[in-house]
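The values are calculated or read from the model by the stated rules, or taken from the named source; none is laboratory data. This structure is a prediction, so every number in the text was calculated from the model and none was measured. Here Cβ is always computed from backbone atoms with ideal geometry, including for glycine, and neighbour counts include all displayed protein chains. Side chains are part of the model used for accessible areas, which takes the heavy atoms of the whole protein and leaves out ligands, DNA and RNA. Shrake-Rupley method; radii C 1.70, N 1.55, O 1.52, S 1.80 Å.
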Amino acid sequence: MADTAQARPEAAPSPPEAAPSPPEAGRARRADAARNERRLLEVAVATFESDGVDVPPENIARLAGVGVGTLYRHFPTRRALLAAVVAERFAELAVRADELLAEPGVDPGGAVRGWLLELVAAMGRFRGLAAQSAGIMAHEERVAAPCEAMHESFGRLVYRAKRAGVLRHDVSVEDLLLLSCSVAWAAEQVEGGGAYAERLLVLALEGVEKTKR
């Protein structure tokens, strides 16, 4: 009796699996990406310093010698690039506060004042940064950890100054940070703002420092 069953079609052969990338290739790509990001940040710092923070990102990519696509892979927006620069400054300021805490015999009030002067100088280094700082800190996650570290380190300086009786007890860390950002913004509005910023901050701090009798 003839076999009347229909022949089953043969299954199509599976496509060959792509060969995995060698580990060295993956490491090389990561190294290239890290170098590109570092280069973009270095160029951004120099460009923000000379031209302000509103410079087009495309200019930074061109000066860094990378394509615009590479820039946007690392920093999707101009504010994200600015946030990365700000995050590094905040990290440096956190370290500086810790250094002041560790210095033997440092004047507690002078340490607070000196640190705030450094913050104002950092904010005034890039024209337009002070006006955008609140939005950056509120919406850019990259700034969160460095900002918190800076806040905590400076908070210890403030606490020590209060214990020493040279700073009013009702003054908060947030008060002093906001005051400093306001001073940096105000100094941008006048010619020769760097020296004026220091004068404004000293005048403002006279209202929060305890008068010695």
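Relative contact order for the chain: what percent, with Cα pairs under 8 Å and sequence separation of 6 or more?
On the way: 184 pairs, mean separation 44.0, N = 213.
Here the relative contact order equals 21 percent.
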(request) Round to the nearest 10 and give me the degree value, 0 to 90, for the angle of helix 144-163's Cα axis relative to the longest principal axis of the chain. (result) 20 degrees
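If R₀ is 35 angstrom, what is the calculated FRET efficiency for the pair R163 and A195, using the beta carbon separation as r and rounding to 0.05? Spell out each step's value before the answer.
Working: r = 32 Å, r/R0 = 0.92.
Step by step, r from the Cβ atoms, then E = 0.60.
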(request) Could you work out how far the C-alpha centroid of the stretch 138-213 sits from that of the stretch 43-60, in angstrom? (result) 27 Å
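Counting only protein heavy atoms, what percent of the accessible surface of the chain is carbon or sulfur at a 1.4 Å probe?
54 percent
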(message) Just the number please: accessible area per residue for the chain, 1.4 Å probe, all protein chains included, in Å².
(response) 60 Å²
(request) Could you check the simple spin-label distance between R62 and S172, using points 7 Å along Cα→Cβ, in nm with one decimal? (result) 4.6 nm
(request) With springs connecting C-alpha atoms under 10 Å apart, model the chain as a Gaussian network and identify which of L100, L178, L116 has the largest mean-square fluctuation. (result) L178
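Looking at the chain, what % of the alpha carbon pairs are farther apart than 31 Å?
Working: 8732 of 22578 pairs.
Percent of Cα pairs beyond 31 Å in the chain: 39.
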(message) Springs between alpha-carbon pairs under 10 angstrom, Gaussian network model over the chain: which of V55, V183, V158 fluctuates most?
(response) V55
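Add -39500 (n - 2.57) for each DSSP H run of 4 or more in the chain, then divide by its residues: what number comes out at 222 nm, to the nearest 500 deg cm²/dmol? Mind dumping the intermediate values first?
Values: 9 runs with 146 residues, N = 213.
The helix contribution divided over the chain gives -23000 deg cm²/dmol.
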(request) First select every other residue whose beta carbon is under 14 angstrom from the beta carbon of A134; then total the charges, Lys and Arg +1, Asp and Glu -1. (result) -1
(request) Please find, in a Gaussian network model of the chain (springs between Cα atoms separated by less than 10 Å), the residue of A87, A184, A31 whose mean-square fluctuation is greatest. (result) A31
(message) Given Cβ point charges of +1 (Lys, Arg) and -1 (Asp, Glu) and nothing else, what value in debye, to the nearest 20, does the dipole of the stretch 89-213 about its Cα centre take?
(response) 400 debye
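When the chain is fully extended, how far beyond the present Cα-Cα distance does R156 get from R39, taking 0.36 nm per residue of separation? Don't skip to the end; give the middle numbers.
Working: separation 117, 0.36 × 117 = 42.12 nm, distance 3.42 nm.
Going from the current span to full extension adds 38.7 nm.
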(request) Please work out how much length the chain gains when fully extended from A138 to D54, using 0.36 nm per residue of separation minus the C-alpha to C-alpha distance, in nm with one decimal. (result) 28.4 nm
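Which shape class applies to the stretch 91-211: rounded if a/c is under 1.5, otherwise prolate when a/b exceeds b/c and oblate if not, where a ≥ b ≥ c are the square roots of the Cα gyration tensor eigenvalues?
Values: a/c = 1.78, a/b = 1.23, b/c = 1.45.
Oblate, since a/c reaches 1.5 and b/c is not below a/b.
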